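Asks: So that we are looking at the same thing, I have put the structure below in structure tokens.
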Amino acid sequence: MTPEELEVVAFVHEAHCPGCDVAPGKPHEAGCDVERCSVCGWQKLSCHEHEETHIPESVPWTGEWPGKPECRELGWWCIPNPTGRGYVPCDSDIPGAIEDLNRLAVFRARGVDNHYDTIQNGRTA
Ligand SMILES: [Zn+2]
Ligand SMILES: [Zn+2]
């Protein structure tokens, strides 16, 4: 799934895990694409570095898409780009604002909050 698709799924589903259908508070089933790596926070299926040290019980399905509470804490919100592809950052009080999971994922992966810099350099003049 692309980050944009992930966000759409996250927006639609709450309660049972949309990947493996476990109830909130339970660890994900093996192979669930929603599960986060307990070491680095990246998607478990995409992280092969921490297969030995990952602890499924420490990253149970919470009833909410992983990362959303962190985004709220950081104040990172976005809305679908009105003039093109993807999403643009916005304030939490904008109608339709959702937690900016892409920004959080990039920040965790790179250690730098430069998600939108990359997009701008790649897509606009
Ligand atoms: Zn799951
Ligand atoms: Zn990892």
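Asks: Just name the residue that is modelled with the highest pLDDT out of those in the stretch 3-17 that are buried (at least 17 other Cβ atoms within 10 Å of the Cβ) and within 14 Å of ligand 1 (Cβ to nearest atom).
Replies: Restricting to residues being buried (at least 17 other Cβ atoms within 10 Å of the Cβ) and within 14 Å of ligand 1 (Cβ to nearest atom), the top hit is C17.
Asks: Every residue in the stretch 35-69 that is in contact with a strand residue (DSSP E or B) (Cβ under 8 Å, 6 or more places away or on another chain) and within 16 Å of ligand 2 (Cβ to nearest atom), please.
Replies: Passing the criteria: E35, R36, C37, W42, Q43, K44, V59, P66, G67.
Asks: Of the residues E64, E29, which single one is within 15 Å of ligand 1 (Cβ to nearest atom), of a type in the set (D, E, K, R) and at pLDDT 95 or above? Walk me through how you get there before you give the answer.
Replies: Values: E64 fails: at pLDDT 95 or above.
None of the other options fit; the residue is E29.
Asks: Something else about it: I want to confirm something. Restricting to the stretch 32-55 and keeping residues that are assigned to a loop (DSSP other than H, G, I, E, B) and aliphatic (A, V, I, L, M), which single residue is farthest from ligand 1 (Cβ to nearest atom)? Walk me through it before giving the result.
Replies: Going residue by residue through the stretch 32-55, those that are assigned to a loop (DSSP other than H, G, I, E, B) are 32-35, 37-42, 47-55.
Still in the list and also aliphatic (A, V, I, L, M): 34, 39, 55.
Details: V34: 4, V39: 18, I55: 15 Å.
Selected residue: V39.
The values are calculated or read from the model by the stated rules, or taken from the named source; none is laboratory data. Keep in mind it's a predicted model, so treat the numbers as computed, not measured. Neighbour counts are summed over all protein chains in view; Cβ atoms, including those assigned to glycine, are modelled from backbone coordinates with ideal geometry.
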